[in-house]
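Below is one structure, written out as structure tokens; comments come after it.
The values are calculated or read from the model by the stated rules, or taken from the named source; none is laboratory data. These numbers come from a predicted model, not from an experiment. Note that we place each Cβ from the backbone using ideal geometry, even for glycine, and neighbour counts take in every protein chain shown.
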Amino acid sequence: MLILDYPDWEKPTLFGAFLPKILFELTPELVEIDKLLLNPIFEEPIVSKFNTLLGRPTVPVRVFIRMMVLKFFLCISYEDLSEIVTKTPMYKRFCHIPLEMDAPTDTAMMKITKKYGEEIIRELNDNFILELRKTKVIKGRKIR
């Protein structure tokens, strides 16, 4: 079963009330990326091909996309990604994961990446780079 987001990821928790607010503040780069990822164009390739109401729930689409962006942004492995996101409130907030939940495991992320296939991952990456160029976050270069 395909779900887009955890239902209560924004809901404040009792535990979160005792933590300093600075732990949840995104870096300027992540704020820009977060704004770009609100565009539904990034979810469309996955939702159009894998939308079903049957089966076990999987990692939410938005969580998967944000974790993959974070993986490439930080240049880390799946194992490190899962560990870092689980331990860092700022990354949990960026990835839309509730504070009391652990991040998806490295094996879950690898299996989902394999399930979606290289073509969809490439399409997500191309759409993301196109949006970065449109908003002038990065500049395109001509190949000589």
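So for region 107-125 (the condition being more than 20 Å from residue 43 (Cβ to Cβ) and either without any contact (Cβ under 8 Å) to a residue 12 or more places away in the chain or in a helix (DSSP H, G or I) (or both)), does at least one residue qualify? So far as region 107-125 goes, yes, one or more of its residues are more than 20 Å from residue 43 (Cβ to Cβ) and either without any contact (Cβ under 8 Å) to a residue 12 or more places away in the chain or in a helix (DSSP H, G or I) (or both).
Residue-level check: of (1) modelled with pLDDT of 90 or more; (2) part of a helix (DSSP H, G or I), residue 104 misses just (2). Of the set (1) in contact with a Lys or Arg (Cβ under 7 Å, 6 or more places away or on another chain); (2) of a type in the set (Phe, Trp, Tyr); (3) surrounded by fewer than 15 Cβ atoms within 10 Å (Cβ to Cβ), all apply to residue 94 but (3). Exactly one residue out of 32, 119 is of a type in the set (Asp, Glu) and farther than 24 Å from residue 11 by Cα, and it is 119.
Cβ separations smaller than 8 Å between residues 6+ apart or across chains give the following pairs from region 15-31 residues that are at pLDDT below 80 to residues that are in a helix (DSSP H, G or I): 16/24; 16/89; 19/89. The set of residues from region 29-80 being surrounded by 14 or more Cβ atoms within 10 Å (Cβ to Cβ) and basic (Lys, Arg) comprises 62, 66, 71.
Okay, residues lined up against (1) in a loop (DSSP other than H, G, I, E, B); (2) touching a residue at least 60 places away in the same chain (Cβ under 8 Å); (3) in contact with a strand residue (DSSP E or B) (Cβ under 7 Å, 6 or more places away or on another chain):
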{"residue": "48", "(1), (2), (3)": "no, no, no"}
{"residue": "55", "(1), (2), (3)": "yes, no, no"}
{"residue": "64", "(1), (2), (3)": "no, no, no"}
{"residue": "72", "(1), (2), (3)": "no, no, no"}
{"residue": "79", "(1), (2), (3)": "no, no, no"}
{"residue": "99", "(1), (2), (3)": "yes, yes, no"}
{"residue": "128", "(1), (2), (3)": "no, yes, no"}
